[in-house]
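Q: Before I ask anything, here is the structure I am working with.
The values are calculated or read from the model by the stated rules, or taken from the named source; none is laboratory data. Just so it is clear, the structure is predicted and the values come from calculations on it, not from any experiment. Areas reflect the complete protein model, heavy atoms only, side chains present, ligands, DNA and RNA absent. Shrake-Rupley method; radii C 1.70, N 1.55, O 1.52, S 1.80 Å.
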Amino acid sequence: MPNTPQTFLILGGGLAGTFMATRLILANQKVILVDDETPYGASRVAAGLFNVITGRFGAKTWLAESLLEELSTFMQHPELASATNCIHHSLIYRPFKAVEEYNKWLGRATEATYQDIVDFQESPLRPEKLHNELGGIMIKPCGWVDTTALLKELRKILLTYPTLIYVKSSLAYEQIIPEEGRVKIKGETLSFDQWICCEGFKLGENPWFPEIPIIPNKGEVLLIEAPELQLPFVLSRKIYLIPLGKHRYVVGATYQNKFEDKGPTEWGKEEIRCHLEKAIKVPYKIVAHYAGIRPTTPNRRPILGTHHTHKHIHVLGGFGTKGVLFAPYCSRLLTERLLGNGPNIPDEIKLERFY
């Protein structure tokens, strides 16, 4: 670790930027965190689900055990105790939609890869409330994070440190002069040693990393009330239903790689309602409707690394739908790399894969 603390400029205050800022501050570094608090950032709209069995074919998440362990370790830091209430561990029930899926999991659930994380449910659960005639699988090491509350609490903790400068502002790239280590914000010039780009879907517009193929993916979610549903677990059937308490559930999400409107749409609402009515049998009321834009990549892996010529400019992003799992793990890798004692970054998430 350097003897003299460095100053890190972090552009973007979603999960990537906030986790990076937290790790650096706790490592006695100085941070300038700049965030425009865009209402369409995925971190502020996402349901925060962390699930180790995902995708249409029910694949195990890449590095699932390591990602879960890193989330747990990060939140166990004594300085972050007040943020632990934002983490909610929960089983996830994934009903079978076809006999072929039933047969696949009948054998797969006993394999070493899956037997510790999945229970095979042969009989329907709560058939009077749920469409799950073929049963399903119960995924165990999962849950959800109230990302809005977590970001707010981490920001509150960080602001108690004199080594943090937080600026709520949009920032044009022309205001940053990385060769001189200066940034002009609100009429003031601040100095920095390292610059970390954590801009979510806006990373695709960063002129310093034109080779990064960020794919903006819009997702819409609903907040509903369903007093008769009374789910004790998260339901995942094309869409997810996350129980928040007091009969309220977050329901979503849609996936759109091509869109013109960043906000909620009638199409998104109807798409979710269509899947919702195939998942549950009880009445519900829509309370709210939100939209956010995820930063995805072609291989659905994050992007982590250092500019190929400007060694003081770095990038962290591309978390897609797995920000809650990827942010703790990737922020640790980058923090250790920047402070001089970092491990090798896995090839699957290296920035260099795009050169």
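Q: Keeping every protein chain in place, order CYS142, CYS274 by accessible area at 1.4 Å, biggest value first, i.e. largest first.
A: Sorted by accessible area, descending: CYS274, CYS142.
Q: Which value, in Å², gives the accessible area per residue of segment 25-86 when a 1.4 Å probe is used on the protein heavy atoms?
A: The answer is 45 Å² per residue.
Q: Using heavy-atom solvent-accessible surface (probe 1.4 Å) with all chains present, what is the largest-first order of TRP105, TRP208?
A: Ranked from most to least accessible, the order is TRP208, TRP105.
Q: Can you compute the helix-only [θ] at 222 nm over the chain? Use -39500 (n - 2.57) per DSSP H run of at least 4 residues, normalise by all residues, nearest 500 deg cm²/dmol.
A: -7000 deg cm²/dmol
Q: Between LYS281 and residues 5 or more places away or on another chain, which pairs have amide H atoms under 5 Å apart, with H built 1.01 Å from N, and which residues are they?
A: Sorted by chain and number, the residues that satisfy this are LEU130, HIS131.
Q: Which of these values of Cα extents along the principal axes in Å was calculated from the structure shown: [x] 121, 59, 40; [y] 65, 43, 39; [z] 82, 49, 48?
A: So the calculated entry is the one marked [y].
Q: Just the number, please: carbon plus sulfur as a percent of the accessible area of segment 296-355, 1.4 Å probe, no ligands or DNA/RNA counted.
A: 46 percent
Q: If you don't mind, there's one more thing I want to ask. Quick one: 3J(HN,Hα) in Hz for segment 99-114, Karplus 6.51/-1.76/1.60 with θ = phi - 60°, rounded, Gly and Pro as x.
A: Values per residue, Gly and Pro as x: 4, 4, 5, 4, 5, 4, 6, 4, x, 5, 4, 9, 5, 4, 5, 10 Hz.
Q: Can I ask one more? In a GNM of the chain with a 10 Å cut-off on Cα contacts, which of ILE177, ILE32, ILE139 has the highest mean-square fluctuation?
A: ILE177
Q: Here is a follow-up. Rounded to the nearest 10 degrees, what's the angle between the helix 15-26 long axis and the longest principal axis of the chain, both from Cα atoms, 0 to 90?
A: 50 degrees
Q: Measuring from the lowest to the highest alpha carbon on each principal axis, how far does segment 21-159 reach, largest first, in angstroms?
A: That works out to 55, 32, 23 Å along the principal axes.
Q: Could you tell me the distance between the Cα centroids of segment 195-258 and segment 297-355, to the nearest Å?
A: Going from one Cα centre to the other spans 21 Å.
Q: Could I ask something else about it? With a 1.4 Å probe and all protein chains kept in place, how much accessible area does HIS289 have, in Å² rounded to the nearest 10?
A: Taking all protein chains as shown, HIS289 has close to 40 Å².
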